[in-house]
1. Divide the volume of the convex hull of the Cα atoms of the chain by its number of residues and quote the answer in cubic angstrom per residue.
2. Please turn the phi angles of segment 10-26 into ³J(HN,Hα) values with the Karplus equation 6.51 cos²θ - 1.76 cosθ + 1.60 (θ = phi - 60°), one per residue in order, whole Hz, x for glycine and proline.
3. Could you tell me how many degrees, from 0 to 90 and to the nearest 10, lie between the Cα long axis of helix 44-55 and the main elongation axis, the longest principal axis, of the Cα atoms of the chain?
4. For Lys9, list the aspartates and glutamates whose Cα falls under 18 Å from its own Cα; do not include residues on the same chain fewer than 8 positions away.
5. Check each of the chymotrypsin sites (Phe, Trp or Tyr not before Pro) in segment 1-70 and keep only those in coil by DSSP with at most 13 other C-beta atoms within 10 angstrom; list them in order.
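Every number here is computed from the coordinates shown, using simple stated rules; none is lab data. Just so we're clear, the structure is a prediction, and the values are computed from it rather than from any experiment. In this analysis, Cβ positions are derived from the backbone assuming ideal geometry, glycine residues included, and neighbour counts consider all displayed protein chains.
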Amino acid sequence: MPTLNWIGKDKVINHHQDIPFRVLDYLYTHGEENSDNMIIHGDNLDALKSLLPKYEGRIKCIYIDPPYKSAC
């Protein structure tokens with residue numbers, strides 16, 4: 001099977017291991033009280049790492065809004 005190789009590939013593949021776990025700060029709620037739903041604003045990898053300690057193996061769906069480039 002063909003593979004893609006480039007300079008620095010190992011660093012990119014293992015980058016997630018360099019990011020520490022984060023603690024979520026609950027700033028506000030929306031909708032039903034005591035809901036398990038969350039909106040996390042921030043860097044995608046930081047947000048995902050913040051979910052691991054409490055929710056690993058228990059999350060059904062994650063929607064990640066992709067980063068946008070400014071067209072100014």
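1. Roughly 198 Å³ of hull volume per residue.
2. 4, 5, 5, 5, 9, 4, 4, 6, 7, 8, x, 5, 10, 9, 6, 9, 7
3. Once rounded, one gets 60 degrees.
4. Cα-Cα hits under 18 Å: Asp18.
5. Within segment 1-70, the qualifying chymotrypsin sites (Phe, Trp or Tyr not before Pro) (loop, at most 13 other Cβ atoms within 10 Å) are Trp6, Phe21, Tyr26, Tyr28, Tyr63, Tyr68.
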